[in-house]
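First up is the structure itself, then whatever we jot down about it.
The values are calculated or read from the model by the stated rules, or taken from the named source; none is laboratory data. On a predicted model such as this, the values are computed, not experimentally measured, just so you know. Cβ coordinates were reconstructed from backbone atoms using ideal geometry, including for glycine residues, and neighbour counts include every protein chain displayed. Calculation scope for accessible area: heavy atoms of the full protein, side chains included, ligands and nucleic acids excluded. Shrake-Rupley method; radii C 1.70, N 1.55, O 1.52, S 1.80 Å.
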Amino acid sequence: MLAQALQADSNLALGNEPAKLALLGTGTVGMAVLERLKSWRGTRFGDRLNLVFAANTRLSIHDPDGLDPADCARTLGQAAPSGRRPESSEILTALGDSGIRILIDATADAEVARNHPALLDAGVHVATACKLAGGTSLSLWRQIQTACDQRGAGFGDRATVGAGLPLIRSLRELQDGGDRIHAIAGVMSGSLAWLFDRFDGSAPFSELVRQAHAKGYTEPDPRDDLSGEDVRRKILILARTAGFPIESGCVAVESLVPKGLRSLPSAEAMSRLSLLDEPLQAKLDEAISRGATLRFVARLENGCAKVGPEILLPDDPLAGGRGTDNRVAIWSDRYDRQPLIIQGPGAGAQVTAAALLDDALKLDAQARRKRT
């Protein structure tokens, strides 16, 4: 009876209203978020999150009583291009000024990322898969941290690195327990992991890039992956999370994209991918001659970070991993000689969408606890 009374008091204090949810972006990840929300309808997870706003660069949809995820996917997917994006004021109006409000950012839009501090300052929690918030300028990252500290809003970023693998969470929990992070190294791109796992000399690297592109493993322009920029942003996010406030331009990047490909239009670049083959075949030949493997690796050590292809000997902690797996090693006071290894799928719309909604549920739970 006492437990029931306490639960009743808790429900009365908190209300039974679900958190109001806004979704930005309906690419593969955004659509996977809508599909997951659809599958949750009528479940305890679905009862906690009420989608009231959804938008892409073509259309915005708002219903304060709640949107049907399936209808959203269909309507937003069929809308004619307009080139517009919703303003922060539109999102805030849709979410209202009361209750628990959460934005899911499933875009790769720099302007959306720059608006995160303003939304957090307005008390809106943010769950994002966009690396342009935490993995670009240090000033933007600090603005986000300040807004969270001052307003108490939560920022869920586990989907930005490793498609939701417990990387960022582990770094935070280690430090919360008094541990100090010394170094981080990892294969952090699902697309590049897949490419180098299959690159054994039996097919040109350019052919593997075309296969990865067809499977949806790469960005629409594969040069976005091959340039190393995506991995650079990821190691920046991990470095800053680990207590190393590195400036955006302080990561040394060895791009896989030769000069002859860098300035071409996307369609022409796809037709000239063979320019990748000779230099990468030379690297592979050297790796094979040493009984080693070739991988694209990000490293943080002594406060410095670098990104690029590396030859890994068989006993290297990063030498394992298959397919699109990410594999990350963390050295700390606790894990000094033998690093902590975290490995798992590092790409895919479904796992990324799951990580975004995991963060949304966590932000909802944290907000409710603060109200008790």
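Structural remarks
- One residue alone among Arg142, Arg198, Arg180 is over 19 Å from the mean Cα position of the chain (by Cα) and over 20 Å from Ile342 (Cα atoms), and that residue is Arg198.
- Looking across segment 342-372, the residues that are assigned to a helix (DSSP H, G or I), open to solvent by 60 Å² or more (accessible area, probe 1.4 Å), touching a strand residue (DSSP E or B) at 6+ places or on another chain (Cβ under 9 Å) and not polar (S, T, N, Q) come down to Asp358, Lys362.
- Residue pairs meeting the criteria (Cβ under 7 Å; at least 6 apart or on separate chains; first among the small types (Gly, Ala, Ser) and at pLDDT below 95, in segment 203-225; second in a helix (DSSP H, G or I) and open to solvent by 70 Å² or more (accessible area, probe 1.4 Å)): Gly216/Thr28
- Count - residues of segment 338-366 that are among the small types (Gly, Ala, Ser), in contact (Cβ under 8 Å) with a residue 12 or more places away in the chain and within 18 Å of Arg169 (Cβ to Cβ): 6
- Residue match in segment 30-48 (condition: part of a loop (DSSP other than H, G, I, E, B), more than 17 Å from Leu356 (Cβ to Cβ), out of contact with any Ser or Thr (no Cβ under 8 Å at 6 or more places or on another chain) and in contact (Cβ under 8 Å) with a residue 24 or more places away in the chain): yes
- Residue satisfying all of: in segment 268-302; small (Gly, Ala, Ser), open to solvent by less than 30 Å² (accessible area, probe 1.4 Å) and in contact with a helix residue (DSSP H, G or I) (Cβ under 8 Å, 6 or more places away or on another chain); nearest to Ala183 (Cα to Cα) among these: Ala298
- Picking from residues in segment 68-119 that are within 24 Å of the chain's Cα centre (by Cα) and basic (Lys, Arg), the one that is most open to solvent (accessible area, probe 1.4 Å) is Arg114.
- Selection status of Gly308, at pLDDT 95 or above, under 23 Å from Arg327 (Cα atoms) and surrounded by fewer than 13 Cβ atoms within 10 Å (Cβ to Cβ): no
- Failed criterion for Ala159 (all others in (1) touching a residue at least 40 places away in the same chain (Cβ under 8 Å); (2) of a type in the set (Gly, Ala, Ser); (3) assigned to a loop (DSSP other than H, G, I, E, B) hold): (3)
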